[in-house]
Amino acid sequence: MIPELGHFALVLALGLGVIQSIVPVIGVQRRDGSLMRLAISTALAQFVFVALSFLALTICYVTSDFSVATVYENSHSTMPLVYKFTSAWGNHEGSMLLWVLILSLFGALVALFGSNLPASLKSHVLAVQSWIACAFYLFILLTSNPFMRLVPAPFEGRDLNPILQDIGLAIHPPLLYLGYVGFSIAFSFAIAALLEGRIDAAWARWVRPWTLAAWMCLTVGIAMGSYWAYYELGWGGFWFWDPVENASLMPWLAGTALLHSAVVMEKRNALKIWTILLAILAFSLSLVGTFLVRSGVLTSVHTFASDPARGVFILAILVIFIGGGLSLFAWRAPLLKQGGLFAPISREGALVLNNLFLTTACLTVFVGTLYPLALEAVTGTKISVGAPFFNLTFGPLFVPLLFAMPFGPLLAWKRGDVLGVAQRLMAAFAVGLVTIAIVVATASEVSILAPFGIGLALFVMAGAVTDVVERVGLFRVPLSVVRQRAAGLPRSVWGTAFAHFGIAVTLLGVVTVGTWASERIVGLKPSQTVSLSGFDLTFDGLVQRSGPNYRELIGKFTVRRGGLPIATMEPAKRSFESRATTTTEAALLTRGFSQVYLSLGDVNDDGSVAVRLYYKPLVLLIWIGAIVMMLGGTLSLSDRRLRIGAPRPAAKPAVQPAE
Amino acid sequence: MRRLAAMALLFAAITSGRSLAVQPDEMLKDQNLEARARELSRELRCMVCQNQSIDDSEAPLARDLRLLVRERLTKGDTDQQVLDFLVARYGEFVLLKPPLEGRTIILWTLPPLALLAGAIGLFFAGRRRGLGQLEPATLSNEERRRLSTLVDKPRD
């Protein structure tokens, strides 16, 4: 009964979606307020019905109702409860339902919090949002129904992929989808603006919080996925330039560019057309990502969905929305009036430069990801484009971007003074150069890139600090005034400083790990010791243990430093009978921001066991940087009212006329 | 999640109890040769995996390739000779960094060309705009008032 209710709720959501796709648009044309307001109720109701549908699916999973095909395929009665919950979206059908749940959530939020939007804009936005939703409801109902029944019902499920049986599955996909799907709001606003043929600084002010929220979720979502891969895959890599990862990186790059260009539009009324284009592109890249992952186009074996019907359906969605969006853009964008002029050397100019590099970086990832597919489709030749390509092409684009980063916030709007800014950045330059000198002097046998990368990271950090220091007048005015100014500083300034600081923190982690990570791969017999970077690990022996739905082989290790025991590490190998699969559970020992990483390999015939031991200096900074970026976003988001830079209206009439 | 899930399927398909990439028994005694082998391994694709290098992959095929690389190196091949040997045997698919040639010209040149085109475009856009008339028309007081009633309406 429950699966049918869930299915039915989804059909009802589709019905509401169709109404919301059409009626508000007619309402705008006829200037009929009641037709326009209908979108608010349908948006809320859509969310309620999709949520009910999702709830129904979750109940099926939690109660292990194996008469439902996806539950049978992806769950097991002995699985811990938390994984029963998360396995609801650990598969193609369920994850698409999560996708539309988040889409309808965003629609409902616009309906709820959009009371300050002009009625026609709001109606258009909600209608466009509903077009997207309808396409994906249809996709789910026609090709990926999560509620399909099995007759007769099997007694036991086939279990969730063991690698997905991890807390990462509870956090990573929802965050990633909040980011992906969150860009749909920017897209809907862009299409609505094009439909209306009108756009102004206020538009950017409405779009920016949504984009920022989506960007924050995507940032942390990507970072979480990276950390998950790091500890789960057993060899300590954190970024692989895998097409599936690139699929999430592209919207992030476009979204980051969008955030910056929207600032220019909001404050200076310039770059309107470009901002609209970026808003369309950011969501288009989310759709491309969904297509890459969901259609099985990458390589049929490796993705969830290898059913061509799904691929063709998503491709159709892609063509309609991206093609339609860009056509509408080509047709209507010339109508939009360009505003605010600025000199090349100015805050606006710096943000344009940022956009140039970010979009080129995004294009690089796009070409690198799709070129092999296109080449194979056209000529039948298979080539590989992997990490060495991206390191060579993507890396150099980020260097000038990061170098220019501290300059941007210090430049004045309209016309800036780059020499003056360079003078104010003297301390930051000094920090960077001294760092480079220290690294060159102390580290031996490293490539020239390492000291340079670390110097750059510290320069950017110091630059972010300089921005705040300059604004509050630290060292120039009395401390009490500094405190006052710091409190009065717009939150968005703090947000910028945090976000820029965060990316430098990530860079520092990446460079340090890339340069100084050390590795030992050895076969160990009990009571033998292996040493790495000052840590001595003694292998104490193997133990067997059984978990709720797996058996595991644990290696016990005592870690000593300078002869004194400091910790024990227990890497394990789990074997899941239900899927005849083993997973490695690496053991991590955190010291400050660095980690000792130990994973277990095969047991050899002579009783020795293969181990892989790494020392990863400052590795945690990679992900902490992302958290700092998110904090920056949060600060900026809390500054809604101030961000526009317009004076706050003085005393307002107590009663607002109803719209 | 997606890459992990993809990897999970991959593992299910091609591994059976193997759980480390480079194994201790594969490694060469000669540290220099071993280091070169590791470097080369990072440039080579495990052909049954999704964009994984043979250095990272746990697939049996990757192990075979790793052993092959080490065998060639021990026989005195240069790095380039090893790569050429593998390309001759498995095609360019095995290289994670495709060489610059006719069919990869777009792949390699599009990003720098786009950057260049963007920079040139911006330069001319900046010139055309004319730096003399920097001051845009500002809002009239009436427009300002209308804007503020529009955008600063409380959200309740």
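The values are calculated or read from the model by the stated rules, or taken from the named source; none is laboratory data. It should be emphasised that the depicted structure is a prediction, and the values quoted were computed from it without experimental measurement. Every residue, glycine as well, gets a Cβ built from its backbone with ideal geometry; the counts of neighbours run over all protein chains shown.
If the requirement is being surrounded by fewer than 16 Cβ atoms within 10 Å (Cβ to Cβ), in the same structural domain as A:ALA153 (by TED's automatic domain parsing) and at pLDDT below 95, which of these qualifies: A:MET1, A:MET96, A:MET79? First the steps, then the outcome.
Details: A:MET96 fails: surrounded by fewer than 16 Cβ atoms within 10 Å (Cβ to Cβ); A:MET79 fails: surrounded by fewer than 16 Cβ atoms within 10 Å (Cβ to Cβ).
Every option except A:MET1 fails the conditions.
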> Do we find that B:LEU28 is at pLDDT 85 or above and either more than 7 Å from chain A (Cβ to nearest Cβ) or surrounded by fewer than 18 Cβ atoms within 10 Å (Cβ to Cβ) (or both) in this structure?
Replying inline: no
> How do the helices (runs of 4 or more DSSP H) wholly within the stretch A:243-353 filter down when requiring 2 or more residues that are modelled with pLDDT of 90 or more and either within 24 Å of A:ARG208 (Cβ to Cβ) or within 11 Å of chain B (Cβ to nearest Cβ) (or both): which remain?
Replying inline: A:243-268, A:272-294, A:324-332
>> Among the residues of the stretch A:388-407, what is the count of those that are buried (at least 21 other Cβ atoms within 10 Å of the Cβ) and either at pLDDT below 90 or on the phi > 0 side of the Ramachandran plot (or both)?
In response: 0
> Taking into account only those residues within the stretch A:161-175 that are in contact with a strand residue (DSSP E or B) (Cβ under 9 Å, 6 or more places away or on another chain) and in a helix (DSSP H, G or I), which is farthest from the other protein chains (Cβ to nearest Cβ)?
Replying inline: A:PRO162
>> Cβ-Cβ distance below 6 Å, separation of 6 or more or different chains: which pairs start in the stretch B:112-123 with a residue that is on the phi < 0 side of the Ramachandran plot and within 9 Å of chain A (Cβ to nearest Cβ) and end on one that is hydroxyl-bearing (Ser, Thr, Tyr) and buried (at least 16 other Cβ atoms within 10 Å of the Cβ)?
In response: B:ALA114/A:THR360; B:LEU115/A:THR360
>> Looking at the stretch A:54-70, can you tell me whether even one residue there is out of contact with any Lys or Arg (no Cβ under 7 Å at 6 or more places or on another chain), under 22 Å from A:GLY182 (Cα atoms) and buried (at least 18 other Cβ atoms within 10 Å of the Cβ)?
In response: yes
>> I'd like the residue in the stretch A:226-235 that is more than 10 Å from every other protein chain (Cβ to nearest Cβ) and closer than 19 Å to B:GLU58 by Cβ and, out of all such residues, is surrounded by the most Cβ atoms within 10 Å (Cβ to Cβ).
In response: A:TYR230
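Taking the stretch B:36-81 on its own, how many of its residues are among the β-branched types (Val, Ile, Thr) and within 20 Å of A:LYS382 (Cα to Cα)? Write out each step before concluding.
Taking the stretch B:36-81 first, the residues among the β-branched types (Val, Ile, Thr) are B:48, B:54, B:69, B:74, B:78.
Still in the running and within 20 Å of A:LYS382 (Cα to Cα): B:48, B:54.
Total meeting the criteria: 2.
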> Is it fair to say B:LYS75 is modelled with pLDDT under 85, away from every other protein chain (no Cβ under 12 Å) and on the phi < 0 side of the Ramachandran plot?
Replying inline: no
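Among the listed residues A:LEU195, A:LEU142, A:LEU178, A:LEU150, identify the single one that is more than 17 Å from A:TYR83 (Cα to Cα), touching a Leu at 6+ places or on another chain (Cβ under 8 Å) and away from every other protein chain (no Cβ under 14 Å).
From the options A:LEU195, A:LEU142, A:LEU178, A:LEU150, the qualifying one is A:LEU195.
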> Of all residues in the stretch A:551-592, which are outside any strand (DSSP E or B), in contact with a helix residue (DSSP H, G or I) (Cβ under 7 Å, 6 or more places away or on another chain) and not aliphatic (A, V, I, L, M)?
Replying inline: A:ARG579
> Just checking, how many residues over the stretch A:213-225 are away from chain B (no Cβ under 12 Å) and surrounded by fewer than 24 Cβ atoms within 10 Å (Cβ to Cβ)?
Replying inline: 4
>> Please count how many residues of the stretch A:71-102 are away from every other protein chain (no Cβ under 14 Å), within 20 Å of A:PRO154 (Cβ to Cβ) and not in a loop (DSSP other than H, G, I, E, B).
In response: 3
> When A:ARG415 is evaluated against the numbered criteria (1) modelled with pLDDT of 90 or more; (2) over 24 Å from A:LEU249 (Cβ atoms), which criterion, by number, is the only one it fails?
Replying inline: (1)
